[in-house]
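Beneath this line is the structure, given in structure tokens, with notes to follow.
The values are calculated or read from the model by the stated rules, or taken from the named source; none is laboratory data. This structure is a prediction, so every number in the text was calculated from the model and none was measured. Note: ideal-geometry Cβ built from the backbone for every residue, glycine included; neighbour counts use all protein chains shown. SASA here: full protein model, heavy atoms, side chains in, ligands and nucleic acids out. Shrake-Rupley method; radii C 1.70, N 1.55, O 1.52, S 1.80 Å.
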Amino acid sequence: MHVASVPFAAPYVFSTINRNELRRPAHKSVTRPTTRRMRATPRAVVSSDVKVSERTKRLLTSIEGTQREQASGAGGGTTLAALERADQAWANIRNMKTGAEAGPAPLFVTESSENLETPTCDYDVAVCGGTLGIILATALQHKGQKVVVVERGPLKGREQEWNISRPELEALVPLGVLTEEQIDKCVTKEFNPIKCGFYGSDAPDMVTSDILNCGVKPSVLLECVRRNFEDKGGVVMERAALSGICVHPNGAALAVGPTNPETETSEHEKKKPQTPQPVTSRLVVDCMGFGSPIVKQQRHGVKPDGVCIVVGSCARGFDSEDNVSADLIRTTTDIDENFQGQYFWEAFPAGSGPLDRTTYMFTYVDAHESRPSLAAVLDDYWTLMPSYQNLKSIEEVELLRVLFGYFPTYRDSPLKTDFDRITAIGDASGIQSPLSFGGLAALLRHVGRLTNGMEDALLSDALDKECLSTLNAYQPALSASWLFQKCMSVTPGSKPPKNFINRLMSTNFGVMEGLGDDVSRPFLQDVVQFQGLGKTLLTMAVKAPLFVPQILIQAGPGPILDWGKHFAMLGVYTLLSRLSEGGATGSVMKALSGVAPTEELMRSDEQAVSEMGWDFSILDKRQRFMFRRKIDAWRWGSGRDYDGE
């Protein structure tokens with residue numbers, strides 16, 4: 001349920017509008033009304049047309065600042081046009097042609113049987129998409145690889161803050177990405193307690209702490225990471241348009257040139273010098289989000305299986321004494337029959353000031369053509385947010401930033417590469433949970449594994465698509481999460497009881513809270529584990545036996561059977577991961593996998609295996625690389641990488 005790491009995604013898919021000049025101070029309490037209080041009725045318009053209400057136009061126009069250089073990609077928009085662009089893209093997905101009707105896929109990646117003209121590549125790794133990719137790039141550069149980051153726009157952080165747990169940031173310290181001092185600089189605010197509550201429930205809120213309780217300023221974070229990357233010898237190519245990639249037997253050629261001045265969003269950007277040049281690299285890492293042209297080529301003609309629509313704002317004018325806690329997830333209404341969906345909320349204090357608070361409203365849907373536009377959902381936000389935060393109207397607070405976006409997810413995830421020498425991370429890989437909106441948390445959880453795996457691939461020369469696909473191998477914990485997304489959404493045309501989702505969430509969270517932190521905390525941080533999930537389901541069946549059949553009917557037999565398969569594999573992966581970590585089986589598996597070569601050790605895989613006193617010549621260097629990735633897949637795919645801190 002790790003829903004808040006939102007600043008990084010595909011271009012125009014998650015955007016913000018910012019106010020430069022602050023005018024009206026206001027003071028309102030954030031104390032919430034009781035869960036049974038009557039709420040305003042949502043007015044989402046189910047239409048594929050991109051229509052923006054006069055209220056939304058007025059509110060967005062009122063906070064548009066002067067034109068200045070903006071961050072590119074998700075969250076970088078600063079005009080009303082950003083909403084229209086994002087909404088048009090969402091409408092295109094809802095109305096897209098699928099299968100054979102979609103026609104041939106666009107060719108962004110091509111392959112050649114001829115070697116590159118130069119015997120060596122310019123770089124070991126080219127990371128495409130710098131907003132999120134700079135983190136991985138710095139970790140790889142720290143390990144001794146020669147890395148270049150190719151970024152379409154200026155490499156800088158967004159204006160909106162996001163929240164995350166401190167241990168997730170601290171995991172970047174041993175990787176050489178950040179220092180402890182820089183983490184303290186990036187964290188603008190820490191807050192507790194963290195609450196979860198559901199409309200219509202008689203149970204008290206579930207209260208926890210130290211989960212998503214740190215507000216971080218992306219602009220400061222990226223400034224620190226970039227400085228470390230460049231100090232280690234990394235190269236950043238900004239305003240660099242990537243128009244294609246050609247994969248050769250001995251490397252990949254990236255067609256990189258200056259961005260078209262006509263596509264820049266401000267006069268300041270147009271005046272910047274343009275210096276990007278074509279480059280070659282041994283490995284290409286796609287970090288361009290789910291809107292990546294590489295992803296579009298691989299997923300051409302395939303609609304997303306699920307979409308998380310998110311809107312929100314950061315506003316000023318809340319009571320500083322009450323603005324100290326956060327909502328991880330909350331509902332204030334039941335399912336709306338017209339919208340055919342359930343709205344969820346998240347809120348936390350902003351680090352920009354004691355009166356500032358960020359609120360998100362999100363919902364889970366599919367990509368059916370009847371689904372509402374972003375503008376329609378944003379209009380519902382203006383109506384419902386005041387009631388959620390105990391205000392009379394949206395006019396009582398001063399909007400600082402407005403956020404809107406959509407995050408598509410696919411059951412066929414993580415996405416295995418179709419090409420040699422190309423792999424993906426973050427949203428481009430599909431490794432994020434279908435319950436979360438954004439890939440930053442997923443990257444932070446996997447960045448150590450991915451860094452080690454990519455270094456291993458480079459030094460083992462395991463850069464073919466079969467080897468690289470093991471970096472994004474099947475994860476039953478991720479696949480099992482799809483049933484949760486299914487139960488938290490409403491299929492078009494179905495008519496579940498209007499309180500079904502709230503009852504499900506209240507029952508589920510109540511059970512997890514009763515089972516203790518060992519069960520609840522991993523789930524709240526997007527980690528699904530076999531033992532915790534099994535305990536939760538069994539306890540729900542005992543405590544609410546009459547509700548279980550309703551859950552099965554609502555989910556449908558197909559998804560239930562599919563989930564059962566992944567749940568069984570979750571148990572298998574858990575067992576295999578345990579066996580690989582100790583005892584006689586652990587020693588055998590360690591010998592079979594060998595020791596991964598590193599730049600630091602500068603020794604071959606064969607030498608490392610020989611030093612252990614074993615001689616498993618049945619596995620060659622490539623096979624040992626594959627087996628090491630299998631051990632990684634067992635651990636991360638079962639959620640056993642979670643250390644509980």
Name the pairs whose Cβ atoms lie under 8 Å apart, with the first residue in region 157-173 and in contact (Cβ under 8 Å) with a residue 60 or more places away in the chain and farther than 19 Å from residue 193 by Cα, the second basic (Lys, Arg) and assigned to a strand (DSSP E or B), and 6 or more positions between them or separate chains? 159/401; 160/401
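Results for (1) farther than 25 Å from residue 206 by Cα; (2) of a type in the set (A, V, I, L, M); (3) assigned to a helix (DSSP H, G or I), shown as yes or no for each residue.
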| position | (1), (2), (3) |
| --- | --- |
| 513 | no, no, yes |
| 523 | no, no, yes |
| 528 | no, yes, no |
| 535 | no, no, yes |
| 560 | yes, yes, yes |
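Identify, please: which residue in region 395-429 is among the small types (Gly, Ala, Ser) and open to solvent by less than 10 Å² (accessible area, probe 1.4 Å) and is, among those, nearest to residue 526 (Cα to Cα)?
Residues of region 395-429 among the small types (Gly, Ala, Ser): 405, 413, 424, 426, 428-429.
Next, from what is left, pick out any that are open to solvent by less than 10 Å² (accessible area, probe 1.4 Å): 405, 426, 428-429.
Details: 405: 20, 426: 15, 428: 18, 429: 17 Å.
Among those that are among the small types (Gly, Ala, Ser) and open to solvent by less than 10 Å² (accessible area, probe 1.4 Å), it is 426.
Do the conditions hold for residue 395, that is, is it free of Cβ contacts under 8 Å to residues at least 60 places away in the same chain and over 17 Å from the mean Cα position of the chain (by Cα)?
Values: free of Cβ contacts under 8 Å to residues at least 60 places away in the same chain: yes; over 17 Å from the mean Cα position of the chain (by Cα): yes.
Taking the combined requirement at face value, the residue satisfies it.
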Could you list, in sequence order, the residues of region 305-324 that are over 26 Å from residue 59 (Cα atoms) and open to solvent by 10 Å² or more (accessible area, probe 1.4 Å)? 305, 321, 324
Failed item in (1) in contact (Cβ under 8 Å) with a residue 12 or more places away in the chain; (2) surrounded by fewer than 24 Cβ atoms within 10 Å (Cβ to Cβ); (3) in a loop (DSSP other than H, G, I, E, B), with residue 384 passing the rest: (3)
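Applying the selection to region 292-304, what residues are open to solvent by less than 50 Å² (accessible area, probe 1.4 Å) and on the phi < 0 side of the Ramachandran plot?
Looking only at region 292-304, we keep the residues that are open to solvent by less than 50 Å² (accessible area, probe 1.4 Å), and these are 292-295, 297-299, 301, 304.
Correct list: 292, 293, 294, 295, 297, 298, 299, 304.
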Could you check, for region 453-461, whether at least one of its residues is more than 25 Å from the chain's Cα centre (by Cα) and either assigned to a loop (DSSP other than H, G, I, E, B) or farther than 30 Å from residue 175 by Cβ (or both)? yes
Residue ID - surrounded by the fewest Cβ atoms within 10 Å (Cβ to Cβ), chosen from residues in region 540-558 that are assigned to a helix (DSSP H, G or I), more than 30 Å from the chain's Cα centre (by Cα) and in contact (Cβ under 8 Å) with a residue 24 or more places away in the chain: 543
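Being open to solvent by less than 10 Å² (accessible area, probe 1.4 Å) and closer than 22 Å to residue 441 by Cα is the filter here, so list the residues in region 130-149 that pass it.
Once the filter is applied, which keeps residues that are open to solvent by less than 10 Å² (accessible area, probe 1.4 Å) and closer than 22 Å to residue 441 by Cα, region 130-149 yields 130, 133, 134, 135, 136, 137, 138, 139, 140, 149.
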Filter region 349-371 for residues that are outside any loop (DSSP other than H, G, I, E, B) and either touching a Phe, Trp or Tyr at 6+ places or on another chain (Cβ under 6 Å) or polar (S, T, N, Q) (or both) and give the result. 349, 357, 358, 359, 361, 362, 363
Go through (1) loosely packed, with under 15 Cβ neighbours inside 10 Å; (2) at pLDDT below 50; (3) closer than 30 Å to residue 154 by Cα; (4) of a type outside the set (S, T, N, Q) and name the single condition residue 71 misses. (1)
From the option list 468, 504, 478, 463, single residue qualifying as modelled with pLDDT under 95 and among the aliphatic types (A, V, I, L, M) is 478
Considering only residues of region 276-291 that are at pLDDT below 95 and small (Gly, Ala, Ser), which is most open to solvent (accessible area, probe 1.4 Å)? 291
Hey, can you tell me all the residues within region 305-341 that are of a type outside the set (A, V, I, L, M) and under 21 Å from the mean Cα position of the chain (by Cα)? 305, 306, 308, 312, 313, 314, 327, 330
Filtering region 326-348 down to residues that are open to solvent by less than 10 Å² (accessible area, probe 1.4 Å) and either more than 26 Å from residue 522 (Cβ to Cβ) or part of a loop (DSSP other than H, G, I, E, B) (or both) yields 331, 332, 339, 341, 342, 343
Residues that are open to solvent by less than 10 Å² (accessible area, probe 1.4 Å) and among the charged types (D, E, K, R), drawn from region 349-367: 356, 357
It is to be established whether one or more residues within region 517-537 are within 19 Å of residue 342 (Cα to Cα), surrounded by 20 or more Cβ atoms within 10 Å (Cβ to Cβ) and among the small types (Gly, Ala, Ser). no
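Which members of region 207-223 meet the condition of being outside any loop (DSSP other than H, G, I, E, B) and either surrounded by fewer than 21 Cβ atoms within 10 Å (Cβ to Cβ) or among the β-branched types (Val, Ile, Thr) (or both)?
207, 208, 216, 219, 220, 223 - these are the residues of region 207-223 that are outside any loop (DSSP other than H, G, I, E, B) and either surrounded by fewer than 21 Cβ atoms within 10 Å (Cβ to Cβ) or among the β-branched types (Val, Ile, Thr) (or both).
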Of the residues 507, 451, 470, only one is open to solvent by less than 10 Å² (accessible area, probe 1.4 Å) and of a type outside the set (Asp, Glu); which? 451
